[in-house]
1. How do the helices (runs of 4 or more DSSP H) wholly within the range 34-145 filter down when requiring 3 or more residues that are touching a His at 6+ places or on another chain (Cβ under 7 Å) and among the charged types (D, E, K, R): which remain?
2. Would you mind stating whether Phe86 is in contact with a Gly (Cβ under 7 Å, 6 or more places away or on another chain), within 22 Å of Glu145 (Cα to Cα) and open to solvent by less than 50 Å² (accessible area, probe 1.4 Å)?
3. For the range 179-194, how many residues meet the condition of being of a type outside the set (S, T, N, Q), surrounded by 22 or more Cβ atoms within 10 Å (Cβ to Cβ) and modelled with pLDDT of 95 or more?
4. Do the conditions hold for Gln328, that is, is it in a strand (DSSP E or B) and surrounded by fewer than 22 Cβ atoms within 10 Å (Cβ to Cβ)?
5. Looking only at the range 53-82, how many residues end up being open to solvent by less than 60 Å² (accessible area, probe 1.4 Å) and either among the charged types (D, E, K, R) or closer than 26 Å to Pro121 by Cα (or both)?
6. Return the residue satisfying two criteria in turn: it lies in the range 116-140 and is under 20 Å from the mean Cα position of the chain (by Cα) and surrounded by fewer than 17 Cβ atoms within 10 Å (Cβ to Cβ), and of such residues it is modelled with the lowest pLDDT.
7. Can you name the residue in the range 144-168 that is touching a Gly at 6+ places or on another chain (Cβ under 7 Å) and surrounded by fewer than 18 Cβ atoms within 10 Å (Cβ to Cβ) and is also farthest from Ile284 (Cα to Cα) among such residues?
Amino acid sequence: MNNILVVNVNWLGDAVFSSSLFKALKKAYPQARVSCLCVPRVKEVLAYCPYVDKIIVYDEKGKHRHPWKKWKLICNLRNEKFDAAFLLHRSMTRSLMVYLAGIPLRIGYGKAKGLLTHPVPMKAEDIHRCDYYLKVLESYGIKVEERSCELRLKLEDMQKVDDKLSKAGIGPAEKYVVLNTGGNWDLKRWDADSFVRLAKRLQGEYALKIVFPGADKDREFCHGLAQAIGPMAIVLAGTTTLGESLALYKRAMVVISGDSGPLHLANSVGADVIGIYGPTLPSITGPRGCGRVQILFNGVGCNKAPCYHLSCTNNVCMQSVTVDDVCQAFKKFWA
């Protein structure tokens, strides 16, 4: 194979997990050109994957919503003359697109097996998302030797973060802890009071500054936490690009987060992380990056994890992880 297309997934954390697949493809076919068809929300993440040569955006809810626009994209895929397509997404539309694009080998998950030359059977087993994606390669006989996720920092992002931290009062050699409060659904978020008490413990016992990252929508919430914590809490939510966030995580002593995209982004660039898990299973969505990992998960609650009871008002699974639990995990990294 000399020209390969990967049809990617829709969410940030899953895009990080898929980086292990691109690495395995480049290992198996070092001279191949590897392209990725992805939705806009994960494009920026994949731009930091060193094993992706080209990104083709499929904006299914915007630019390519109209059937005629989809057809134009299909024609563009046909013109690329791909040898093979690996589909990580169970989508009838995506399967049909690669079929109509005339790609001779079509391997992967799909609801319409007739559109694939090598359909991968869907089993009810609970496996890690990395292994789920790598199974597409293994089903075709490609050997996978290394399963970790990897994103690569850019020098300009590191320099910009150094400047921002310096302006916030954190020197080049000064240690700090990142507390990520966000999550793509509320059940995976630790509560605000626990974050405040944890930050005060880390400040009091270790004299560490606390940095809150996040998107612009997280800014108000993070400022509320910082106000309750005191002057050693710094809010960078809404002020950093994705690349700058990666550099921020990498420079941190530890990144503490629920099961969310930033947790996996941090670990993929080699940051040490503490993951707080409740409604999701670490065995399925635990960090698979290059840094050290401490997972806090008690497996308690009204439903067996993974739980998608989005109207839950109790959230006992996340509440079962205490500030003391996180501090004990932190001590292992401090030592």
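The values are calculated or read from the model by the stated rules, or taken from the named source; none is laboratory data. Since this is a predicted model, take the numbers as computed values, not measurements. Here the Cβ positions follow ideal geometry from the backbone for every residue, glycine too, while neighbour counts run over all protein chains shown. To get the accessible areas, we keep the full protein, side chains included, count just its heavy atoms, and leave off ligands, DNA and RNA. Shrake-Rupley method; radii C 1.70, N 1.55, O 1.52, S 1.80 Å.
1. Numbers: elements: 40-46, 67-80, 92-100, 129-139.
Because the criterion is at least 3 residues that are touching a His at 6+ places or on another chain (Cβ under 7 Å) and among the charged types (D, E, K, R), no helices (runs of 4 or more DSSP H) in the range 34-145 meet it.
2. Yes, satisfied.
3. 1
4. no
5. Going through the range 53-82 one residue at a time, the tally reaches 8.
6. Here is the first cut: in the range 116-140, the ones under 20 Å from the mean Cα position of the chain (by Cα) are 126-136.
Narrowing the set further to residues that are surrounded by fewer than 17 Cβ atoms within 10 Å (Cβ to Cβ) leaves 126-127, 131.
Values: Asp126: 82, Ile127: 91, Asp131: 95.
In this case the residue turns out to be Asp126.
7. Lys154
Yes/no per residue for (1) among the β-branched types (Val, Ile, Thr); (2) open to solvent by less than 80 Å² (accessible area, probe 1.4 Å); (3) modelled with pLDDT under 95:
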position: Ala112; (1), (2), (3): no, yes, yes
position: Ile142; (1), (2), (3): yes, yes, no
position: Lys175; (1), (2), (3): no, no, yes
position: Val196; (1), (2), (3): yes, yes, no
